[in-house]
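Everything on this sheet refers to the single structure shown next.
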Amino acid sequence: MNILILGAYGVFGTRLCELLAGYQQLCLLVGGRNLPKAQALCSALPGPAKCEPLLVDRDRLKAEDLQRMQIAIVIDASGPFQAYGDTRYNAVRACLEAGVNYLDFADGADFVEGISVFDEQARQRGIFVLSGASSFPVLTAAVVRMLTRDMPTVQCITGGIAPSPFAVVGKNVIRAIAGYAGQPVQLVRDGKTHTGHALMEIRYYTIAPPGYAPLRHTRFSLVEVPDLQVLPKLWTGLTEIWMGAGPTPEILHRMLNGMACLVRWRLISSLAPFSLLFFHAINLLRWGEHRGGMYVEVRGLSAEQQPMHRSWHLLAEGEDGPYIPCMALQAIVKKVLRHQPPAPGARPATNDLEVADYDALFAQRTIYTGVREHSPGQQIQGVFPLLLGNAFNHLPSAVKAAHQVQQQQTLAGRASVQRGTGFCANSIATLFGFPTASPDIAVSVQMQQQNGNEVWHRRFDTQRFTSTLSTGAGPLEWLLVERFGPLRFHIALVVAEKKLHWVVRGATFLGLPLPRYLVPGGNSYEYESQGRFHFHVEVCLPLIGLIVRYQGWLEPAA
């Protein structure tokens, strides 16, 4: 099957070609106005699919050319779709005349919404013409359908994408963002059409799939995406919709917010002339975690008119996140190869994929998703079940039992203790009350519920130390906060390999953040062995090394 990809050697086009190159049945025609770039991409693509470079201009695409090359699908990956002008649908018209299916990456709300004018023609020709086949709005719409399966009244939809700071961003994406920064954006608010301004409305959110280390608390800014126009037509009772992007590092994001204000206040007409500067800045100034994510949150009413609130979280590690916008197109092509093509017609692609279509592709990469329930009246006992959500159910039974604290419980068992060497290590261990070294020592932990927190009294023979565990809020949302006097440690709870890992993300002293070299680390986890709860706790400091390590087992005390 021949697929023509316009703008194939661009950032998103290249990623799409890499995904499609794995399908032996395909012949990819790498099209664009720069033949050497097309040739270079064909030489670099892996996989069994055939690849041929092609010199082509989307504005001069002809139906007879598509018929001559026996094209089955044209995919427009060029953009920016917001700047296509009077010839914006030239490729669509060529496909309609030739009877060739059409897909695109479009992120321009007007472009995607306007594709429907060709619906009757596409039906008559028996072809599909789908626009906006990307994360916004296809993945968001699929997620909303999943979250609202038992929510007859949907009132509010919000969402956002937080790309990794190390993800390569194409010039066309930057041109699109610079073009609409500070400009009016139509959205729904208080049940009415409302005008916002792109990159000037700010919200913070923590992306945290249950059982995985959450992303940092992220700053999101309103963006112009097709969802703002498309989703209110699918869920007609909406009183609010908002979509944002959370680029990092945050200092660059804040600078972009500030420059958008200049457009809003009409001090300058557009940020488009600065797009090349933005492109170099965002691709050169990079720091932070090489992770990205996405969230979709819905609020509404149940059949009994009770409030319902759910959120879907996605986390992508390393280089896998930037491929997500291309996966809608990959999934549609995969369906065509399985003789399950989309229905004929021209429309936004919001109803043509479901979450299950994405899950099959996510499973091949380090991309993880999960749902959190926030409905009022939801009764969750214990700090750990609340933070872990449905991941708590995946823990071994002995680990779950240890963290289902009703009012009070005591666990007792045996442990071995190893202390770090040197004056500094021993001084710190003594200051916190950590136990002295011993190959075998009696240990007990008394856990008490106090005002929604848990107080843990640990006893190693005659030595004791106490800490208070609570759920984080604000910037610490979805983190476990463990307090030792004036010190607070921020811990991510990660479920992996049938173990519950404690991963320290940061710390404060008297409310002031500690530098990384003063934040303890170490390999700490809980697991089940022979029906018993086991623990392995390691406390290390970057400049000192091991402070203490204790491991052993516990079971309910008599």
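The values are calculated or read from the model by the stated rules, or taken from the named source; none is laboratory data. In this text the structure is predicted, and so the values were computed from the model without any measurement. Every residue, glycine as well, gets a Cβ built from its backbone with ideal geometry; the counts of neighbours run over all protein chains shown.
Conditions (1) surrounded by fewer than 17 Cβ atoms within 10 Å (Cβ to Cβ); (2) touching a residue at least 60 places away in the same chain (Cβ under 8 Å); (3) not assigned by TED's automatic domain parsing to the domain that holds PRO439, marked per residue:
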{"site": "VAL495", "(1), (2), (3)": "no, yes, no"}
{"site": "LYS498", "(1), (2), (3)": "yes, yes, no"}
{"site": "LEU512", "(1), (2), (3)": "yes, no, no"}
{"site": "PRO515", "(1), (2), (3)": "yes, no, no"}
{"site": "PHE533", "(1), (2), (3)": "no, yes, no"}
{"site": "PRO542", "(1), (2), (3)": "yes, no, no"}
{"site": "LEU546", "(1), (2), (3)": "no, yes, no"}
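Within the group LEU267, LEU222, LEU314, which residue is over 23 Å from THR140 (Cα atoms) and either in the same structural domain as THR148 (by TED's automatic domain parsing) or at pLDDT below 95 (or both)?
Just a single option satisfies the conditions, and that option is LEU267.
Residue-by-condition table, conditions (1) surrounded by fewer than 16 Cβ atoms within 10 Å (Cβ to Cβ); (2) in contact (Cβ under 8 Å) with a residue 12 or more places away in the chain; (3) within 26 Å of the chain's Cα centre (by Cα):
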{"position": "LEU147", "(1), (2), (3)": "no, yes, yes"}
{"position": "ILE174", "(1), (2), (3)": "no, yes, yes"}
{"position": "GLY191", "(1), (2), (3)": "yes, yes, no"}
{"position": "THR195", "(1), (2), (3)": "yes, no, no"}
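Let me confirm something: among SER78, SER43, which residue is outside any strand (DSSP E or B) and without any contact (Cβ under 8 Å) to a residue 24 or more places away in the chain?
Selected residue: SER43, the only one of SER78, SER43 that is outside any strand (DSSP E or B) and without any contact (Cβ under 8 Å) to a residue 24 or more places away in the chain.
So which of GLN155, GLN121 is closer than 18 Å to ILE73 by Cα and touching a residue at least 12 places away in the same chain (Cβ under 8 Å)?
Checking each option against the conditions leaves just GLN121.
What tally of residues in segment 437-455 results from selecting those that are assigned to a loop (DSSP other than H, G, I, E, B), exposed (fewer than 15 other Cβ atoms within 10 Å of the Cβ) and either modelled with pLDDT of 90 or more or not assigned by TED's automatic domain parsing to the domain that holds TYR550 (or both)?
Going through segment 437-455 one residue at a time, the tally reaches 0.
Kindly establish whether ARG464 is part of a strand (DSSP E or B), modelled with pLDDT under 95 and not assigned by TED's automatic domain parsing to the domain that holds ALA208.
Yes.
Counting only residues that are of a type outside the set (A, V, I, L, M) and in a loop (DSSP other than H, G, I, E, B), which one in segment 212-224 is surrounded by the most Cβ atoms within 10 Å (Cβ to Cβ)?
Per the criteria, the residue is GLU224.
Count, please, the residues in segment 122-157 that happen to be closer than 27 Å to ARG15 by Cβ and among the charged types (D, E, K, R).
1
With the requirement that a residue be of a type in the set (Lys, Arg) and within 20 Å of PHE105 (Cβ to Cβ), what does segment 35-59 give you?
Within segment 35-59, LYS37, ARG58 meet the criteria.
Restricting to strands (runs of 3 or more DSSP E) lying wholly in segment 110-211: which have 2 or more residues that are touching a Gly at 6+ places or on another chain (Cβ under 8 Å)?
So the answer is 128-131, 153-162, 184-189, 202-205.
Give the number of residues within segment 117-142 that are more than 24 Å from ASP357 (Cα to Cα) and either small (Gly, Ala, Ser) or assigned by TED's automatic domain parsing to the domain that holds ALA72 (or both).
The qualifying residues number 1.
Only one of VAL494, VAL481, VAL539 is β-branched (Val, Ile, Thr) and within 17 Å of SER470 (Cβ to Cβ). Can you tell me which?
Result: VAL481 is the single residue among VAL494, VAL481, VAL539 that is β-branched (Val, Ile, Thr) and within 17 Å of SER470 (Cβ to Cβ).
Within segment 87-139, which residues are over 16 Å from ARG347 (Cβ atoms), among the hydroxyl-bearing types (Ser, Thr, Tyr) and modelled with pLDDT of 95 or more?
Result: no residue meets the conditions.
Restricting to segment 11-36, give me the number of residues that are over 28 Å from ARG338 (Cβ atoms) and either among the aromatic types (Phe, Trp, Tyr) or buried (at least 22 other Cβ atoms within 10 Å of the Cβ) (or both).
Count: 1.
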